[in-house]
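The values are calculated or read from the model by the stated rules, or taken from the named source; none is laboratory data. Model, not experiment: these values are computed from the prediction. FYI the Cβ positions are ideal-geometry reconstructions off the backbone, even for glycines, and counts take in every protein chain you see. Each accessible area value is taken on the protein alone, full model and side chains, heavy atoms only, with ligands, DNA and RNA left out. Shrake-Rupley method; radii C 1.70, N 1.55, O 1.52, S 1.80 Å.
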Protein chains: 2
Amino acid sequence: MNNLVINIKVHESLYLKDPQTTDLGKRIIEHSVLMIDKIGLECFTFGKLSKVINAAEPSIYRYFENKHQLFVYLLNWYWEWMAARIELNTMNITSAAARLKIVLNVIADAAKKNSSIEFVDEEALHRIVVTEGAKGYHHKMVDADNKEGFFLACKRLCEKIADLLIEVNPNFPYPRSLASSLLETANSNLYFAKHLPRLTDVKNEGNMLTQRVKDLLEYFCFGILYAYDFGKDEQLNHQLIATKKVSYANAHSSDNAMEHTL
Amino acid sequence: MNNLVINIKVHESLYLKDPQTTDLGKRIIEHSVLMIDKIGLECFTFGKLSKVINAAEPSIYRYFENKHQLFVYLLNWYWEWMAARIELNTMNITSAAARLKIVLNVIADAAKKNSSIEFVDEEALHRIVVTEGAKGYHHKMVDADNKEGFFLACKRLCEKIADLLIEVNPNFPYPRSLASSLLETANSNLYFAKHLPRLTDVKNEGNMLTQRVKDLLEYFCFGILYAYDFGKDEQLNHQLIATKKVSYANAHSSDNAMEHTL
DNA sequence: TAAAAAATAATAGTTTTACTATCTTTTGTA
DNA sequence: TACAAAAGATAGTAAAACTATTATTTTTTA
């Protein structure tokens, strides 16, 4: 199941020459992913890459203007890949809520046995997105990059998820913010569990990390999706809160979700 | 109100020589903030800074090992400042929910008339945190930095908020994740509204941006806080969802929160 | 098939940044 | 006032980012 070959098309503003069309181009992509995963975006340079792939440094500049463009190319690859996985895994599901759960599963990266392209190590690429993804759009040149279409894949992905949120609850007022927040929260909690555990409740024990992140995403997502409007109908709110408190206490009285120790 | 002088103490692992103790040190902090805000972290260099403050470049290295250490120093300043503002604004409030609303207000940066330190432009520093804050901990050296105590202020801030979330709902299973998520969501939506508007529902129109972000934070925060446990008591869930849908439709039928057009 | 044209890659630089070794000046104190 | 210690300035080096130019290969066409 799901071993179809996915064809990833990256926007042409993100390269000078399409790396997928040549052998050298593919080696650039392949070893960029491996090297950035290994030594980090800061230490990664075109000079080091050229030595690893046995090419001249200026040859790399024929494909990408600079390190930043190459990095955003890789991010776009990841976003396109995620969108393709979502499409693939939800196409035959009718219930919107069920599709949303699958999307959360894909976001948390729990269902990724899908090595579609032979020269891209998707696990390494995912680690890069989790660790350094934010650098792709958190800088002073973001407006210029945006005009060039650097973030189209991300925006499409976000809107795809937002559409689904609206389908689950047509009255929900923050579909885009929740969609982007879910993408960020998944990555943050994976990262925090590994490096800054005091910033998350998800534990990096055993091999349950992605499952736990998925649980958290579901808890947050459906909690927000069905949230009522605070302050507008206080009486109903208090009524609801009281009901839910009882419901929650019953559900969690002997649950491991109570493990938190502050 | 709130014009008390706040004393910001930054952890000593974050400098070689305390910049607050000398005139040059204060000029380094002051103009780092102004320059990073203006040209961005990437373009900001010790060489350029030394020219602006009329000092020799190596003098700056007496205070900070490198640009990264200086940057994390500034982040810590911000986290300490935010913790101080939270303390100041919530000290006399008994209701936990009311205190939480104030905290969300502080996170969204809507209540910051508090120029405590004369040589730090807090508005510029806040823009830096929103635009580039994630770079402080998203890199390969994060574990080494963490051991040195670079993120203590952030972790304390996060736990302070987590404690409050637990106070509002003692059964809530994800206090730390929600706390960190609120901090990130506030910054993300401010940033997206200005640079990538398709990733948020918050509009950057007029001077209501921080207010709108605060509304979003409240909606998300209280929605999650009182979320019930999906899948454990399906009957009650469906009952609640139905009630809330009606509640929400009534509240928002003629509200601008319905503006979303996908 | 062979020469010209076009595309691609390699060589050898320049500029800027990050950082350091060393020297000079200032300041506090006995 | 003399001296030590701290602070600051001078003048570098090494590496990264990028580019102009030359060399090679491939493609096209006579």
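Identify the GluC sites (Glu not before Pro) of the stretch A:177-218 meeting these criteria: DSSP loop state and at most 16 other C-beta atoms within 10 Å of the C-beta.
Within the stretch A:177-218, the qualifying GluC sites (Glu not before Pro) (loop, at most 16 other Cβ atoms within 10 Å) are A:GLU205.
Average partner chain C-beta neighbours within 10 Å, per residue of A:195-207?
5
Once you treat every alpha carbon in the stretch A:73-165 as an equal point and sum by Debye, what is log10 I(q)/I(0) at q = 0.18, 0.21, 0.25 Å⁻¹?
Cα-only, vacuum Debye calculation for the stretch A:73-165: -0.88, -1.12, -1.36.
According to the square roots a ≥ b ≥ c of the eigenvalues of the Cα gyration tensor, what is the shape class of the stretch B:67-226, taking rounded for a/c under 1.5, prolate for a/b larger than b/c otherwise, and oblate for the remainder?
It comes out rounded by the Cα gyration axes.
Can you give the average number of partner chain beta-carbon atoms within 10 Å of each beta-carbon in peptide A:127-134, as a whole number?
Mean shielding by partner chains, rounded to a whole number: 3.
Within the stretch A:70-150, which GluC sites (Glu not before Pro) sit in a loop by DSSP and count at most 16 neighbouring Cβ atoms inside 10 Å?
A:GLU118, A:GLU148
Averaged per residue, what accessible area in Å² does the stretch A:12-227 show with a 1.4 Å probe, protein chains only?
Solvent-accessible surface per residue comes out at 38 Å².
So how strong a dipole does the stretch A:12-227 carry about its Cα centre when Lys and Arg Cβ are +1 and Asp and Glu Cβ are -1, to the nearest 20 debye?
The dipole magnitude comes to about 280 debye.
How would you classify the stretch A:1-150 from its alpha-carbon gyration tensor, with a ≥ b ≥ c the square roots of the eigenvalues: rounded for a/c under 1.5, else prolate if a/b is greater than b/c, otherwise oblate?
Judged from the Cα gyration tensor, the stretch A:1-150 comes out prolate (a/c at least 1.5, a/b above b/c).
Please average, across the residues of A:181-190, the number of beta carbons from any other chain that are within 10 Å of each residue's own beta carbon, and give a whole number.
Mean number of neighbouring Cβ atoms from other chains: 4.
How many angstrom lie between the C-alpha centres of the stretch B:5-31 and the stretch B:63-83?
First find each Cα centre; the distance between them is then 9 Å.
Which chymotrypsin sites (Phe, Trp or Tyr not before Pro) in the stretch B:89-164 sit in a loop by DSSP (not H, G, I, E or B) and have at most 11 other Cβ atoms within 10 Å of their own Cβ?
Sparse-neighbourhood loop chymotrypsin sites (Phe, Trp or Tyr not before Pro): none present.
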